[in-house]
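Below is one structure, written out as structure tokens, with a few remarks after it.
The values are calculated or read from the model by the stated rules, or taken from the named source; none is laboratory data. A quick note: this is a predicted structure, and the numbers were derived from the prediction, not measured. No Cβ is skipped: glycine too gets one built from the backbone with ideal geometry, and neighbour counts run over all protein chains shown. Side chains included, ligands, DNA and RNA excluded: accessible areas come from the protein's heavy atoms. Shrake-Rupley method; radii C 1.70, N 1.55, O 1.52, S 1.80 Å.
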Amino acid sequence: MASELIFRGGHESHLKSDEYDSPKPLKPWLTVTRPIHYLLREQRLVFLVLGIGIATLIFSLTPSSSSSSPSSKIDINMLHDSIGGESFLTAESTRLIPTHHSRVSDGFRSGKVPLGLKRKGLRIVVTGGAGFVGSHLVDRLIARGDSVIVVDNFFTGRKENVMHHFGNPRFELIRHDVVEPLLLETNVVGTLNMLGLAKRVGARFLLTSTSEVYGDPLEHPQKETYWGNVNPIGVRSCYDEGKRTAETLTMDYHRGAGVEVRIARIFNTYGPRMCIDDGRVVSNFVAQALRKEPMTVYGDGKQTRSFQFVSDLVEGLMRLMEGEHVGPFNLGNPGEFTMLELAKVVQETIDPNAKIEFRPNTEDDPHKRKPDIGKAKELLGWEPKIALRKGLPMMVSDFRQRIFGDQKGGDTTTTAF
């Protein structure tokens, strides 16, 4: 009986080995040939290949499910520039990064979309998005089909700058200060917070720094390789050194924590939506001339600055965000004007009879400021397009409307793009 073949109590069976010996092991070559014979019988191989081909065709024609669900990565950009202390943070929803993109898809990275495919809209957070530069950036992003969340504490920003997007399902406005919970308003703390977020979510980070990192330069024009000439204890040092520290933190996170970063150094920028009384030279001259007040020139008026229109800056920032180069990059208009020459352009634009009033110069005021943009031209394919005499009238129309409520030319804020 079969039961007699079972081992019991650890005792071996006394059955003869030649009667119940184990089956002989298969020859090695049979383990290879048997599966082949199985596939060749009844045309199984043909059906297998046909099935693989059909599956490949279906998957190639079916949209990826990732396109309908937000990416777990967020694209972070920080803009904190010399024209208003604004910052922007953008979060993207494709494979990213980049635009940061912790890894932006290759197509978006290059700024090109394959023929026949529609570019996927991004989900973007813009901190300081109600400010001067931030609001213009929001316009561009909304126009190209992205969804935008603006975060602003309205310290220098204005709700009026983004009100034309109210009602748009792709726009949201949140009042919040990115330096919370420290309750400090410094570009260093804001940058540190955003770098921490970029590290946590694996995003790419764009720091918009400033030409102030060059201080009162001994090199002219200024290249990105110039380390600057800054008084660390002067009246301007809190801003100058704050931005230099922000660049240091950004590169430390890049080298030490592997965060992908981009750095832009912004030179003087002007255009619609600037704060009317922010103390900057272009807004000062325009507001004073419109109010029939003397234009205030500090010192002898021979200090030089370079002025770029805001739409040129936004274009440069977007190219940097979508590019592959860390930077830093100078973003500015190399056209150089003395303060007296700027005052004359304002007179030509607003009132030929506007007066000029000279006052003592401020401490540590840079004598010359002009960007060398050769690096941006070569690597980003960017250079400013709008000359001062063309851009200034658009800013004047915006200021006139806000100061006097003049509706004439009321849509000039949108003509910049």
Filtered residue count, region 218-233, keeping only those that are open to solvent by 40 Å² or more (accessible area, probe 1.4 Å) and assigned to a strand (DSSP E or B): 1
Flagged in region 367-385 as of a type outside the set (D, E, K, R) and at pLDDT 95 or above, in numbering order, are PRO371, ILE373, GLY374, ALA376, LEU379, LEU380, GLY381, TRP382, PRO384
Hits in region 185-197 - residues which are closer than 13 Å to GLY242 by Cα and either of a type outside the set (Val, Ile, Thr) or at pLDDT below 75 (or both): GLU185, THR186, ASN187, GLY190, LEU192
Single condition PRO334 does not satisfy, out of (1) more than 25 Å from the chain's Cα centre (by Cα); (2) surrounded by fewer than 20 Cβ atoms within 10 Å (Cβ to Cβ); (3) under 27 Å from ASP398 (Cα atoms): (1)
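Whether any residue in region 157-165 is of a type in the set (A, V, I, L, M), assigned to a loop (DSSP other than H, G, I, E, B), touching a residue at least 40 places away in the same chain (Cβ under 8 Å) and farther than 18 Å from LEU313 by Cα is what I want to check.
No, region 157-165 contains no residue that is of a type in the set (A, V, I, L, M), assigned to a loop (DSSP other than H, G, I, E, B), touching a residue at least 40 places away in the same chain (Cβ under 8 Å) and farther than 18 Å from LEU313 by Cα.
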Can you confirm whether PHE166 is open to solvent by 60 Å² or more (accessible area, probe 1.4 Å), aromatic (Phe, Trp, Tyr) and at pLDDT 90 or above? yes
GLN407, sole failed condition from (1) among the polar types (S, T, N, Q); (2) at pLDDT below 90; (3) closer than 23 Å to ARG140 by Cβ: (3)
Restricting region 368-379 to residues that are crowded, with 22+ Cβ neighbours inside 10 Å and aliphatic (A, V, I, L, M), the one farthest from ALA289 (Cα to Cα) turns out to be ALA376
If you go through region 121-141 one residue at a time, how many are surrounded by fewer than 19 Cβ atoms within 10 Å (Cβ to Cβ) and of a type in the set (Val, Ile, Thr)? 0
Of the residues PRO328, PRO360, PRO393, which is modelled with pLDDT under 95 and either out of contact with any Gly (no Cβ under 9 Å at 6 or more places or on another chain) or open to solvent by 20 Å² or more (accessible area, probe 1.4 Å) (or both)? PRO360
Filter region 252-272 down to the residues that are open to solvent by 10 Å² or more (accessible area, probe 1.4 Å) and in contact with a Phe, Trp or Tyr (Cβ under 9 Å, 6 or more places away or on another chain) and list them by number. TYR253, HIS254, GLU260, ARG265, ASN268
Scanning region 253-286 residue by residue, the ones that are in contact (Cβ under 8 Å) with a residue 60 or more places away in the chain, hydroxyl-bearing (Ser, Thr, Tyr) and within 21 Å of GLY242 (Cβ to Cβ) total 1
